Amino acid sequence: MFPEWTVVVGFYLGAIIGSFLNVVIYRLPRRIPLGKPAKSFCPACEHSLGVPDLFPLFSWLLLRGRCRYCKARVSSRYFWVEIFNGLVWGGLWWQHLVAGGDPARAIAYALAGSALVAIIFIDWELLIIPDEINAFLLFVGLGYNGWLLYTNSPQAMTWGIPSALAGWIVGTAVLWGIAFLGRVAFGKDAMGHGDIKMARGIGAVLFPTVALESFALAVVFGAVFGVAQVILLNRAERTESSPETVGIDSEEEFEPPESMGSLLKCGLGYLLCVDVIGLFVPRLYESWFGVPAFATAEEEYENFEVERTMIPFGPYLALGAICAAVFAQQIGAGVDRYLDWVFGEDRMEQGRQLGGQ
């Protein structure tokens, strides 16, 4: 549909959107309105940034990672967000606009992919996933499904219901089920509520089959990178610990796990999207979940301190969804080949029976 060279266009468009994501990543968790101030500013000196400061990728490199006005160091995160989102958009551009011809899927996956990129960096820094981004994922999935219904696409329906609805049920059920089983089996909180809401949005965008593949990828990423992080943290702690402190027990205070009643009520609320409606009707949010929709989040964002030993699952869940979206065809083909290898004869026989042979 598009020439191969246009992947470069897709990449740089993604980098431009990545520049906006940096605004979202910084402002949204801190409850700074995205439009006020209208111009981006340096976090150190709060000077408004001009055009030379805002070229995606190039400005950070040419300014050597420093503010042009106060010379304060600018986090490399700004550069990596633009690179990462550019790669996501470039990959989707290739899959759905060059190798294939599905602009609607490319747009839906690109919007969702950018939201997931923002989640990765926010959750990794603060262990928080803003409800607004989770709601955005859900709306993208519903909009994409609406387009499929309008064009009479067979992908629009799954199990006799809209595919986005099927996906959000599967996503909510899988992650909430993990939280429930962890609470029953170990008496501990096993899954963050933001992860459950994100899984709902992932299911709505990717639909059930691809969403389940993304959850499997998230488990793999979490196992590999999580173990690596623990090893690195343990080494750092041994290096920083003095002989006088080694072997001394410290008293730690642990918060009690969430009650089963709260977990059940919250799970039902996520399934019914009470949290999404509550963003527009804050009183509903407060009455259902027992906390304000925005005020508590603002205090938590400002005062929350992240410990090095905390390993969030949200970034891995988001990364799994991004990979499943970009490589959906390759992953699906790999799963089919594996099933053919395991159940080859049975699957061939079923195929002959369905084909009337």
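This table checks each residue for (1) modelled with pLDDT under 95; (2) surrounded by fewer than 22 Cβ atoms within 10 Å (Cβ to Cβ); (3) closer than 24 Å to residue 294 by Cα.
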| site | (1), (2), (3) |
| --- | --- |
| 89 | no, no, no |
| 126 | yes, yes, yes |
| 129 | yes, no, yes |
| 136 | no, yes, yes |
| 139 | no, yes, yes |
| 165 | no, yes, no |
| 186 | yes, yes, no |
| 194 | yes, no, yes |
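Listed here are the residues, each with its yes/no results for (1) more than 19 Å from residue 322 (Cβ to Cβ); (2) touching a Lys or Arg at 6+ places or on another chain (Cβ under 7 Å); (3) among the basic types (Lys, Arg).
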position	(1), (2), (3)
15	no, no, no
27	yes, no, yes
37	yes, no, no
59	yes, no, no
66	yes, yes, yes
84	no, no, no
92	no, no, no
104	no, no, no
110	no, no, no
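Put simply, of 83, 32, 119 the only residue that is surrounded by fewer than 20 Cβ atoms within 10 Å (Cβ to Cβ) and modelled with pLDDT of 95 or more is 83.
Test of understanding: among 261, 222, which residue is surrounded by 10 or more Cβ atoms within 10 Å (Cβ to Cβ), at pLDDT 75 or above and in a helix (DSSP H, G or I)?
On the way: 261 fails: surrounded by 10 or more Cβ atoms within 10 Å (Cβ to Cβ).
Going through 261, 222 in turn, just one is surrounded by 10 or more Cβ atoms within 10 Å (Cβ to Cβ), at pLDDT 75 or above and in a helix (DSSP H, G or I): 222.
Among the residues in the stretch 45-54, are any closer than 24 Å to residue 123 by Cα and either modelled with pLDDT of 85 or more or touching a strand residue (DSSP E or B) at 6+ places or on another chain (Cβ under 7 Å) (or both)? The answer is no; no qualifying residue exists. Do we find that residue 57 is at positive phi, touching a residue at least 40 places away in the same chain (Cβ under 8 Å) and surrounded by 15 or more Cβ atoms within 10 Å (Cβ to Cβ) in this structure? Yes: the conditions hold for residue 57.
In contact (Cβ under 8 Å) with a residue 12 or more places away in the chain and closer than 26 Å to residue 134 by Cβ, is that true of residue 14? Working first, answer last.
Details: in contact (Cβ under 8 Å) with a residue 12 or more places away in the chain: yes; closer than 26 Å to residue 134 by Cβ: yes.
Spelling it out, residue 14 is indeed in contact (Cβ under 8 Å) with a residue 12 or more places away in the chain and closer than 26 Å to residue 134 by Cβ.
The values are calculated or read from the model by the stated rules, or taken from the named source; none is laboratory data. Note that the structure is predicted; figures quoted are calculated from it, not measured. Glycine gets a Cβ as well: all are built from the backbone with ideal geometry, and neighbour counts include every protein chain shown.
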